[in-house]
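The values are calculated or read from the model by the stated rules, or taken from the named source; none is laboratory data. All values reported here derive from a predicted model rather than from experimental measurement. Here the Cβ positions follow ideal geometry from the backbone for every residue, glycine too, while neighbour counts run over all protein chains shown. Note: areas computed on protein heavy atoms with side chains; ligands, DNA, RNA excluded. Shrake-Rupley method; radii C 1.70, N 1.55, O 1.52, S 1.80 Å.
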Amino acid sequence: MQTITPEAFFNARRQFLKLGAGALVSSTAISKLLAELPKDTSLHYIPDSNAQKLVINPMEQATHYVNFYEFSTDKEAPVKLSQNMKTTPWHLGFFGEIAKEQMIEVDTLIAKFGLEERIYRFRCVEGWSMVVPWIGFPLYKLLDYLEPNSDAKYVKFTTRHDPTIFPDQNRGIFSAIKYPYVEGLRMDEARHPLTFIAVGMYGKRLLPQNGAPIRLVVPWKYGFKSIKSLDLIECVKEQPLNTWQDQNPNEYGFYANVNPEVDHPRWTQAKERVLGKLLKQPTLKFNGYAKEVEHLYAGMDLRKFF
Ligand SMILES: Nc1nc2c(c(=O)[nH]1)N[C@H]1C(S)=C(S)[C@@H](COP(=O)(O)O)O[C@H]1N2
Ligand SMILES: [Mo]
C-alpha cells in the first residue's frame, strides 16, 4: 500500500545522478537510498458521498486537539511526544472465542478488507465535538473473517502496552490512568455497520497522536470508546471492564452512548462545543445516529445502562 511519491522518487534519482555516471553504486546502496525516502502516507479508498452534508472540521483541529493519555493528559502535547512513534510494521493479535487465534500486520488487514471513507460526527464526553473523515473498514468485515463462535458475546479491545513508546506508561503509581487502555462492545454493537476500524483520516494514514496505526471509531458513543493504537482484539464471553468505568464507575459506564438526556455527574451533556466554534449546539441522541442504532437498546433503561 505504501508507495513512493513521485517527488521523492525524482529527488532520489537526482541525488543518484549526482554521484556521477562513473561512480560504482552497488544495488544495496540504491535500495538503501530508496528505503530512506519518505513514504507516501496517502491511501486509496472509496470516498463517502457525505449525503448529510456534515461540515468537516479542519485537519489541524482534529490532529492538534487530542486525548491520548498514554502520551499526556494535555490536549496538544501528544503531537510532539508522539513524533518518533514507530508504527510499521505493527502486528495485531486476535484471540479468544474465534476460529483461529492469530497475529496480522496492519497492511495485510488493509489488503484483505479494502478501504472506505466514513465522515462521522465525533463527540467527546467532555462536551466538545467535531466531524472527521475517517478511512478504514467496518469491524464486521474483520469479525466475519475471524469467525467468532457462539460463546463470543463481547469484543474486547486493548491498546498497546509499550513504555518505550508511551511515556505515561512509565510513571507507575503516578500514571494518569491504569494501562493498558481497554474498551469493549457487545457483539451486536461491534457488528453494527457503523462500527469502524480506522487506519487513516483526511486521506492519509493516521498520525500517531490520533491512534496510529489502527484504532476503533464508534460514532454514536462518547469518544473514549474509540480506543487508539490497538494491540489486541479479543472475542470474549463476559463484558469487559473498560478503562474509564474501572477508573470512575459513577461517571463512566460500559455503554457510553451519547445521550443529551443523561448528564455527566459534573456537567450537562445537553450541549456541545464544536471545535472552532464559539456557540454551543444541542447534542443529538446517539450523536445523530438514533435511527440506525436505537434498536440495539430497545427495552433498556439508558439511565441505568449509561
Ligand atoms: N488508548 C487510548 N485511546 C483513547 C484515548 C486515550 O487516552 N488512550 N482517549 C479517548 C478519548 S477520551 C477520546 S475523546 C478520543 C480522542 O480521539 P482523537 O484524539 O483522535 O480526537 O480517543 C479515545 N481513545
Ligand atoms: Mo473523550
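Scoring Phe174 on the criteria (1) farther than 30 Å from Arg266 by Cβ; (2) more than 13 Å from ligand 1 (Cβ to nearest atom); (3) open to solvent by 10 Å² or more (accessible area, probe 1.4 Å) leaves a single failure, condition (1). When restricted to residues that are in a strand (DSSP E or B) and open to solvent by 10 Å² or more (accessible area, probe 1.4 Å), region 133-151 contains 1. Filtered by the rule that a residue be assigned to a strand (DSSP E or B), within 16 Å of ligand 2 (Cβ to nearest atom) and not hydroxyl-bearing (Ser, Thr, Tyr), region 115-132 gives Arg121, Phe122, Arg123, Trp128, Met130, Val131, Val132. Yes or no: region 84-92 includes at least one residue that is open to solvent by 30 Å² or more (accessible area, probe 1.4 Å), without any contact (Cβ under 8 Å) to a residue 40 or more places away in the chain and not in a strand (DSSP E or B). Yes, region 84-92 has at least one match.
Let's see how each residue does on (1) assigned to a loop (DSSP other than H, G, I, E, B); (2) open to solvent by 20 Å² or more (accessible area, probe 1.4 Å); (3) within 14 Å of ligand 2 (Cβ to nearest atom):
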site	(1), (2), (3)
Glu189	no, no, no
Pro193	yes, yes, no
Ile197	no, no, no
Ala212	yes, no, no
Phe224	no, yes, yes
Leu232	no, yes, no
Cys235	no, no, no
Glu238	yes, yes, no
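You will find that of Ala99, Ala77, Ala111, the residue that is of a type outside the set (Phe, Trp, Tyr), away from ligand 2 (no atom under 15 Å from the Cβ) and either touching a Lys or Arg at 6+ places or on another chain (Cβ under 7 Å) or free of Cβ contacts under 8 Å to residues at least 40 places away in the same chain (or both) is Ala77 and no other.
Filter region 152-174 for residues that are part of a loop (DSSP other than H, G, I, E, B) and more than 26 Å from Lys204 (Cα to Cα) and give the result. Walk me through how you get there before you give the answer.
Narrowing region 152-174 to residues part of a loop (DSSP other than H, G, I, E, B): 152-153, 160-166, 171.
If the condition is that a residue be part of a loop (DSSP other than H, G, I, E, B) and more than 26 Å from Lys204 (Cα to Cα), then Ala152, Lys153, Pro163, Arg171 are the ones that fit.
Residue count for region 116-132 satisfying the condition of being surrounded by fewer than 19 Cβ atoms within 10 Å (Cβ to Cβ) and more than 30 Å from His264 (Cβ to Cβ): 1.
Could you tell me whether Phe71 is aromatic (Phe, Trp, Tyr), over 21 Å from Tyr202 (Cα atoms) and either touching a strand residue (DSSP E or B) at 6+ places or on another chain (Cβ under 8 Å) or open to solvent by 10 Å² or more (accessible area, probe 1.4 Å) (or both)? Please lay out each step first, then the result.
Details: aromatic (Phe, Trp, Tyr): yes; over 21 Å from Tyr202 (Cα atoms): yes; either touching a strand residue (DSSP E or B) at 6+ places or on another chain (Cβ under 8 Å) or open to solvent by 10 Å² or more (accessible area, probe 1.4 Å) (or both): no.
The answer is no for Phe71.
Of the residues screened, Glu101 is not one that is among the charged types (D, E, K, R) and within 19 Å of Phe224 (Cβ to Cβ). Can you pull out the residues in region 137-168 that are free of Cβ contacts under 8 Å to residues at least 60 places away in the same chain and more than 27 Å from Ala111 (Cβ to Cβ)? Matches in region 137-168: Ser150, Pro163, Thr164. Among the residues of region 199-210, the ones that are in a loop (DSSP other than H, G, I, E, B) and either modelled with pLDDT under 95 or more than 11 Å from the chain's Cα centre (by Cα) (or both) come to 2 in all.
Take the residues of region 61-82 that are part of a helix (DSSP H, G or I) and in contact with a Phe, Trp or Tyr (Cβ under 7 Å, 6 or more places away or on another chain): which is nearest to ligand 1 (Cβ to nearest atom)? Write out each step before concluding.
The initial filter retains those residues of region 61-82 that are part of a helix (DSSP H, G or I), namely 61-64, 77-81.
Remaining after also requiring in contact with a Phe, Trp or Tyr (Cβ under 7 Å, 6 or more places away or on another chain): 77-78, 81.
On the way: Ala77: 12, Pro78: 8, Leu81: 12 Å.
Here the answer is Pro78.
Residues in region 279-306 that are closer than 18 Å to Gly184 by Cα, among the aromatic types (Phe, Trp, Tyr) and either open to solvent by 50 Å² or more (accessible area, probe 1.4 Å) or within 23 Å of the chain's Cα centre (by Cα) (or both): 3 in all.
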